[in-house]
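Working notes, structure below.
The values are calculated or read from the model by the stated rules, or taken from the named source; none is laboratory data. Owing to the predicted nature of the structure, the values given are computational and were not obtained by experimental measurement. Positions of Cβ are backbone-derived with ideal geometry, glycine not excepted, and every protein chain shown enters the neighbour counts. Note: areas computed on protein heavy atoms with side chains; ligands, DNA, RNA excluded. Shrake-Rupley method; radii C 1.70, N 1.55, O 1.52, S 1.80 Å.
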Amino acid sequence: MDAATRDLIWHNLWPMLQATLTKTLPLTAVSFAIGLVLALFVALARMSPVRPLSAAARFYISIIRGTPLLVQLFIVFYALPQFGIVIDPFPAAVIAFSLNVGGYAAEVVRAAILSVATGQWEAAQALGMSYPAMLRLIILPQAARIAVPPLSNTLISLVKDTSLASTILVTELLRVAQLAAAPTFDFFALYGVAALYYWVICLILGFGQTRLETRLARHVAR
């Protein structure tokens with residue numbers, strides 16, 4: 001590695017870290033939080049005995065899982081303005097990523113809820129608990145432990161998928177690396193740094209997943 005490349009990396013370490021802290025991580029956190037709430041409602045709708053509600057949930061999941069995330073981003077940012085709906089890059093990315101997470105995580109949440117023993121449902125009903133109270137106090141806490149590993153994988157995938165936001169002009173980590181490397185065409189060095197940042201974030205999330213699984217396991221009867 002020559003001196004010019006080292007200088008290029010050194011002068012862009014902070015701008016890339018700043019983009020990570022101010023764009024990539026907030027984009028990930030907000031999109032995942034909204035997507036998780038959406039996933040819960042879609043999963044419950046998918047399980048509903050009301051046929052139109054269940055059908056609508058199935059259709060939504062099918063659309064999200066059957067189309068590329070990049071296309072979903074482009075529809076929100078580039079296609080909606082044709083109908084008079086103009087959304088700034090960052091909110092557009094949040095909308096697209098949240099909808100995507102909601103579609104994928106809905107099936108994870110549904111499977112986790114269905115994996116709770118039938119006896120738990122029957123016991124809650126015997127106590128006269130309402131459906132919302134039964135979900136909040138009995139079912140969801142148990143389903144959470146089962147859902148943590150696949151949802152953690154969804155979160156880690158989302159961290160990496162945020163790089164696609166550069167295609168709709170969000171100045172996240174990859175976008176900053178692209179702009180910094182463009183004048184010198186030294187893409188390998190800065191893309192390598194970007195990859196390192198993504199890797200470190202995923203390592204931290206993986207460690208957090210392990211800790212969360214351990215904590216939840218303490219509340220499971222053996």
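With point charges of +1 on the Cβ of Lys and Arg and -1 on the Cβ of Asp and Glu, referenced to the Cα centre of the chain, which listed residue (Val116, Ala217, Leu8) lies farthest in the positive direction of the dipole?
Result: Val116.
Starting from the residue with the highest accessible area, list Thr184, Thr28 in decreasing order, probe 1.4 Å.
Values: Thr184 80, Thr28 10 Å².
Ranked from most to least accessible, the order is Thr184, Thr28.
Using the Kirkwood formula on the Cα atoms of the chain, what hydrodynamic radius do you get, in angstrom to one decimal?
19.6
Using the alpha-carbon centroid of each, what span in Å lies between the range 67-115 and the range 169-222?
Distance between centres, Cα-based: 21 Å.
From the alpha carbon gyration tensor of the range 93-222, can you work out the equivalent ellipsoid semi-axes (sqrt of 5 times each eigenvalue) and give them in Å, largest to smallest?
With the √(5λ) rule applied to the range 93-222, the semi-axes are 41, 16, 9 Å.
Given charges of +1 on the Cβ of Lys and Arg and -1 on the Cβ of Asp and Glu, with all other atoms neutral, how large is the dipole of the chain about its Cα centre, in debye to the nearest 20?
Details: 15 positive and 9 negative charges, 171 e Å.
Computed charge dipole of the chain: roughly 820 debye.
Which of Leu190, Leu127, Leu21 ends up with the largest GNM mean-square fluctuation for the chain, with Cα atoms connected below 10 Å?
The residue with the greatest mean-square fluctuation here is Leu127.
For the range 101-112, just list the computed ³J(HN,Hα) in residue order, Karplus coefficients 6.51, -1.76 and 1.60, θ = phi - 60°, integers in Hz, with x standing in for Gly and Pro.
4, x, x, 6, 6, 4, 5, 5, 5, 4, 5, 5
For helix 51-66, what angle does its Cα long axis make with the longest principal axis of the chain, in degrees from 0 to 90 and rounded to 10?
30
Give or take rounding to whole Å, what are the principal axis extents of the alpha carbon atoms in the range 140-211, in descending order?
Between the extreme Cα coordinates on each principal axis of the range 140-211 lie 53, 23, 12 Å.
How do 157-167, 194-204 rank on mean C-beta neighbours within 10 Å, highest first?
Highest-to-lowest ranking by the protection proxy: 157-167, 194-204.
Residues of the chain: accessible area per residue at 1.4 Å, in Å²?
Counting only protein heavy atoms, the per-residue value for the chain is 56 Å².
Using packing as a proxy for protection, rank 132-143, 86-97 so that the peptide with the highest average count of other Cβ atoms within 10 Å comes first.
So the peptides 132-143, 86-97, ranked by packing, come out 86-97, 132-143.
How large is the Rg to Rh ratio of the range 96-172 when both quantities use alpha carbon positions and Rh follows Kirkwood?
1.17
If you average the sequence gap of Cα pairs under 8 Å that are 6 or more apart and divide by the length of the range 34-166, what percent do you get for the contact order?
Working: 119 pairs, mean separation 40.2, N = 133.
Computed value for the range 34-166: 30 percent relative contact order.
In the range 115-222, carbon and sulfur make up what percent of the accessible area (probe 1.4 Å)? Show your work: numbers first, answer last.
On the way: 4140 of 6320 Å².
Using a 1.4 Å probe with all protein chains present, the range 115-222 comes out at 66 percent carbon and sulfur.
Projected onto the charge dipole of the chain (+1 at Lys/Arg Cβ, -1 at Asp/Glu Cβ, origin at the Cα centre), which of Ser166, Ala133, Pro68 gives the Cα projection farthest towards the positive end?
Towards the positive end, the residue furthest out is Ala133.
Which residue, Ala180, Leu155, Leu38, has the largest displacement toward the positive end of the dipole of the range 29-184 when charges sit on each Cβ (Lys, Arg +1; Asp, Glu -1)?
Of the listed residues, the answer is Leu38.
Express in % the proportion of alpha carbon pairs of the range 2-120 at distances exceeding 25 Å.
42
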